[in-house]
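First up is the structure itself, then whatever we jot down about it.
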Amino acid sequence: MMLAVQVANSQAKGTNFSGTLQSLKEIRGQNAVDAAVDNLRGPLREQVRLRQLVPVGWYSAADFGELLRAIDATTGGGVQLIRDLARATTERDFTGLHRMVVKLLSPSTVAQHTHRLLQLYFRGGTIDVESKPHVVLIRFRGWHGFTPLVWEDLSASAEAVLHVVGAKNPRGKVASVSVTNADATLELRYD
């Protein structure tokens, strides 16, 4: 199934920023949040400090990548911390904010409609979803502004959604990323 979203530059919803920072505070403490914010480059630093990013707003995916870079640079937590933050944020959203939706979903339904769930948090290029029993391949094309850490965040988030709806042993990984980081394939498996 191919889904085309017409957005010139990929965007991340404001909840990605606030949720990630909240999870960082819960996992590593306020000092880690402060250090990451201080390490942000460009106007994003002041936008975050002044709390100008609203949860329902849409912002540059490159800015979300910058937030993840700053977290990685200041914590040294690497990909594992980014994935842990994504899982914590998504599980909080899908057991709180989106809990009514979760009650209606099964792992196979989530697998078939992954692209719709992704639109709650990101918009940009195209998504092609191939769903088989217990395996989902999601191919992204033209998602400009994404970085390897954003792809890891997205992979762990999809894994967390599967976990919340009852999938056994969900595993998500970034199977491939293009040289420009605008194209990627995520692979999700569950028992």
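No lab work stands behind these numbers, since they all come straight from the coordinates. Keep in mind that this is a model prediction, so the values were computed, not measured. For neighbour counting, all protein chains shown are included, and Cβ atoms are generated from backbone atoms with ideal geometry for every residue, glycine included.
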For the stretch 143-173, the count of residues that are buried (at least 17 other Cβ atoms within 10 Å of the Cβ) and touching a Ser or Thr at 6+ places or on another chain (Cβ under 7 Å) equals 11
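Mind checking which residues of the stretch 25-57 are among the hydrophobic types (A, V, I, L, M, F, W, C) and surrounded by 15 or more Cβ atoms within 10 Å (Cβ to Cβ)?
Pass one, the stretch 25-57, residues among the hydrophobic types (A, V, I, L, M, F, W, C): 27, 32-33, 35-37, 40, 44, 48, 50, 53-54, 56.
Result: Ala32, Val33, Ala35, Ala36, Val37, Leu40, Leu44, Val48, Leu53.
Yes/no matrix, rows are residues, columns are (1) more than 21 Å from Gln80 (Cα to Cα); (2) of a type outside the set (S, T, N, Q):
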| position | (1), (2) |
| --- | --- |
| Gln119 | yes, no |
| His134 | yes, yes |
| Leu137 | yes, yes |
| Arg141 | yes, yes |
| Thr147 | no, no |
| Ser155 | no, no |
| Lys168 | no, yes |
| Val179 | yes, yes |
| Ala182 | yes, yes |
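Among the listed residues Ser18, Ser23, identify the single one that is small (Gly, Ala, Ser), in a helix (DSSP H, G or I), within 26 Å of Ile127 (Cα to Cα) and touching a Leu at 6+ places or on another chain (Cβ under 8 Å).
Values: Ser23 fails: within 26 Å of Ile127 (Cα to Cα).
The match here is Ser18.
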How many residues are more than 21 Å from Trp143 (Cα to Cα) and not in a helix (DSSP H, G or I) when one looks only at the stretch 56-75?
0
Conditions first: (1) surrounded by 15 or more Cβ atoms within 10 Å (Cβ to Cβ); (2) touching a residue at least 60 places away in the same chain (Cβ under 8 Å); (3) not basic (Lys, Arg). Ser106 passes all but one, so which condition is the exception?
(1)
